[in-house]
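The values are calculated or read from the model by the stated rules, or taken from the named source; none is laboratory data. Everything numeric here is computed off the predicted structure, so don't read it as measured data. No Cβ is skipped: glycine too gets one built from the backbone with ideal geometry, and neighbour counts run over all protein chains shown. Heavy atoms of the whole protein, side chains included, go into the accessibility calculation; ligands, DNA and RNA do not. Shrake-Rupley method; radii C 1.70, N 1.55, O 1.52, S 1.80 Å.
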Amino acid sequence: MVACHVAHAGEVQVAVAANFAAPFQKIAADFAAATGHTAVTVVGATGKFHAQVKAGAPFEVLLAADDETPRKLIGEGFAVKGSAFTYAIGKLVLWSAQPGLVDAQGAVLKKGGFAHLAVANPKLAPYGAAAMATLQALGLADALAPKIVQGENIAQTFQFVSTGNAELGFVALSQVLQVQQLGKPAVGSHWLVPAKHHTPIRQDAVLLSKGAGKPAAQALLAYLRSDAAKAVIQSFGYGF
């Protein structure tokens, strides 16, 4: 049985949206233990992955930060029809590494008192698009435009805030919870952005054309739907 398990083990090339890097690290380890397959991961912005897949990148599975990109890739012939599904619904937060700076209602955005607001590139990162939609909904987009510093993806945006290069920024709730799960003290302050301020951040997984017929790729997508994977996803603050 063991020999058979090892003989059929394979690799799957996975493009993972930056906000999902920490939970997927845990999921990939559990997936390997459960199946023998290895997930080779590249983390980045969903918009860039779209371009890279079209340019011939070797990815076999995409875990996007939206549902639009997988849908586009299917329509363009770069992903398998009927394979997309929502693996998580993301939550946006306004976060600062400084305790007490961000209040529970996000009123700091109107009060000011900060020089830089970090936002992921809305053209590449769905969380950045949600952040800009939130500023529009609050009527603050124009007023705060001069203070915005743009990260290429949500990981770089989080880095801007965590290092103090920006006093506050819009990041994924999963990133704030990641700090706590790594055993570090819960630092900073945050406001969980009400869902009414932006369209739902539905994060879809899709089997890319290069993964069609690949057992490891199909096994990973099946594992993402398992109770074990869902428990990890939920522990990082995502919904379903």
Residue 156 versus (1) at pLDDT 95 or above; (2) within 14 Å of residue 90 (Cβ to Cβ); (3) open to solvent by 60 Å² or more (accessible area, probe 1.4 Å): which is the lone unmet condition? (2)
Take the residues in segment 103-112 that are of a type outside the set (A, V, I, L, M) and in contact (Cβ under 8 Å) with a residue 60 or more places away in the chain, then tell me which one is most open to solvent (accessible area, probe 1.4 Å). 105
I need the full set of residues from segment 159-172 which are in contact with a helix residue (DSSP H, G or I) (Cβ under 9 Å, 6 or more places away or on another chain), open to solvent by less than 20 Å² (accessible area, probe 1.4 Å) and not aromatic (Phe, Trp, Tyr), in order please. 166, 168, 169, 171, 172
Taking strands (runs of 3 or more DSSP E) that do not extend beyond segment 52-146, which have at least 3 residues that are under 13 Å from residue 193 (Cβ atoms)? 92-96
State the number of residues belonging to segment 171-211 that are among the basic types (Lys, Arg) and at pLDDT below 95. 1
Filtering segment 112-153 down to residues that are out of contact with any Leu (no Cβ under 8 Å at 6 or more places or on another chain), modelled with pLDDT under 95 and among the charged types (D, E, K, R) yields 123
Return yes when residue 210 is assigned to a helix (DSSP H, G or I), more than 18 Å from residue 27 (Cβ to Cβ) and touching a residue at least 60 places away in the same chain (Cβ under 8 Å) and no when it is not. yes
Scanning segment 185-202 residue by residue, those open to solvent by less than 60 Å² (accessible area, probe 1.4 Å) and either out of contact with any helix residue (DSSP H, G or I) (no Cβ under 7 Å at 6 or more places or on another chain) or over 16 Å from residue 127 (Cβ atoms) (or both) turn out to be 188, 189, 191, 194
If I ask for residues that are open to solvent by less than 40 Å² (accessible area, probe 1.4 Å) and farther than 23 Å from residue 66 by Cβ, which ones from segment 113-139 would you list? 114
